[in-house]
Ligand code: PLP
């Protein structure tokens, strides 16, 4: 009855756990939400004011598919300044959230049978969309002993002539791991050697606690084979606004914009105007948010490491921890269920992010310190 290709499309189980947690709440249970990947802060007021002004100024119409010229200009200037590599407005495509950049880039680049290397555990949408277009997903395992970075020797064994694209994500969801300059260099060299594209998902670029963000644009030699994915969702607590963008060679940008013409038409005009304010206005709210995330990270990492059977690295970025739960003797899914049902703590099984997530859970610490403390006490009690 339905198209064959729908069998190949995956999903994000975070939304399923959220639905179960909500159902429990409806029955009067108290649940601490550590399953959701979004900042719990409000969008800074200067951004909200800019959106209201744009609405009143008439930014209520269709705009060009690739984005409003003034927004593409500012986004290009931002990337040029922030990453230190010159990009032009014609390299920018603005989308409703960063997710469509993933979807459109994979559709535009990957033919049936093409191989795509992607991080596992990783954001589940990568594998889902690779399968959807008939590509062959080739997981690169991210291992705890390697601080969830990519082992370049292992990666060498995965590249071949059929490799069309490699997806990387730093800081990473779900592990909070970051790629070092050296690892990134190894990835770039392999992509050049095998003439592959690189999709660098840098949506957490500003949520980093130790050291500097290493961007794919630190390697100018990769620019003409790179899609840099960025967005406002995480940095400015704008998940529900839906605003993201990709930076890519002009020829690819034209294809991605045409995919947008065929689907969403364009990103809401007033939201793009608010996005300009986010990048050019004061950054102190965003910085405060990151400082608070850092305090929460330390709270949850220290607390988890006090619980027998759990061992947790201190992630360098994003707002997730990915504790090793092998010492509990339970599978990831069993523990996800147990914690939700008996402790009222919603977290995600590591396997929601791929097969190499077995033995781990993901907790998002985008929740108050008070709630994190409550969750830690409950987990300790149940275990
Ligand atoms: N990339 C990663 C790694 C993410 O974790 C997310 C959101 O959870 C996205 C992309 C998508 O971001 P957006 O909400 O802007 O579509």
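Values in this text are rule-based calculations from the coordinates and carry no lab data. Just so it is clear, the model here is predicted, and its values are computed rather than measured. Because the Cβ atoms are built from the backbone with ideal geometry, glycine has one as well, and the counts that use them run over all protein chains shown.
In whole angstrom, how far apart do the alpha carbon centroids of region 336-383 and region 16-67 sit? Region 336-383 and region 16-67 have Cα centres spaced 23 Å from each other.
Between residue 250 and residue 294, what is 0.36 nm times their sequence separation minus the Cα-Cα distance? Round to one decimal in nm. Please list the in-between numbers first.
Values: separation 44, 0.36 × 44 = 15.84 nm, distance 3.74 nm.
Separation in residues times 0.36 nm, less the Cα-Cα distance, equals 12.1 nm.
Peptides 331-337, 162-168 ranked from most to least packed by the mean count of surrounding Cβ atoms within 10 Å: 162-168, 331-337.
Length gained on full extension, residue 306 to residue 151, computed as 0.36 nm times the residue gap minus the Cα-Cα distance: 52.9 nm. The modelled label-to-label distance between residue 258 and residue 341, using points 7 Å beyond Cα along the C-beta direction, is 5.2 nm. Sorting the Cα pairs of region 225-305 by distance into bins of 10 Å, from 0 upward, gives 15, 35, 28, 16, 6 percent per bin. Radius of gyration over Kirkwood radius for region 175-331, both on Cα atoms: the Rg/Rh ratio is 1.03. Note on region 59-280: antiparallel DSSP beta bridges, both residues inside, total approximately 30 percent of the bridges counted.
Over every Cα atom in region 170-234, the radius of gyration and the widest Cα-Cα span, Dmax, amount to 11.8, 34 Å. Taking label positions 7 Å along the Cα-Cβ direction at both residue 41 and residue 56, the computed distance is 2.6 nm, reported to one decimal. Ellipsoid fit via the Cα gyration tensor, region 1-128: semi-axes of 31, 26, 16 Å, each the root of five times an eigenvalue, largest first. Considering only DSSP beta bridges with both partners in the chain, what is the antiparallel share in %, to the nearest 5? So the antiparallel bridges amount to about 45 percent of the total.
Per DSSP H run of at least 4 residues, take -39500 (n - 2.57); add these up for the chain, divide by its residues and hand me the 222 nm value, nearest 500 deg cm²/dmol.
Values: 12 runs with 145 residues, N = 383.
That calculation yields -12000 deg cm²/dmol at 222 nm.
Would you give the gap between the C-alpha center of region 129-168 and the C-alpha center of region 192-220, rounded to a whole Å? Computed from Cα coordinates, the inter-centre distance equals 15 Å. For the pair residue 29 and residue 368, the difference between a 0.36 nm per residue extended length and the Cα-Cα distance amounts to 120.2 nm.
Counting only the Cα atoms, region 336-383 fills a convex hull of 68 Å³ per residue. Residues of region 41-78 with an amide N closer than 15 Å to a point placed 7 Å from the Cα of residue 284 along the Cα-to-Cβ direction: 44-47. When the alpha carbon gyration tensor of region 59-280 is reduced to an equivalent ellipsoid, the three semi-axes, largest first, read 27, 19, 16 Å. Projected onto their three principal axes, the Cα atoms of region 1-50 cover extents of 47, 37, 17 Å, largest first. Computed from label points 7 Å out along Cα-Cβ, the spacing between residue 314 and residue 158 is 2.9 nm. Three principal axis extents describe the C-alpha atoms of the chain; from largest down they are 55, 53, 52 Å. Normalised by 2.2 N^0.38 Å, where N counts its residues, the alpha-carbon radius of gyration of region 256-365 equals 1.47.
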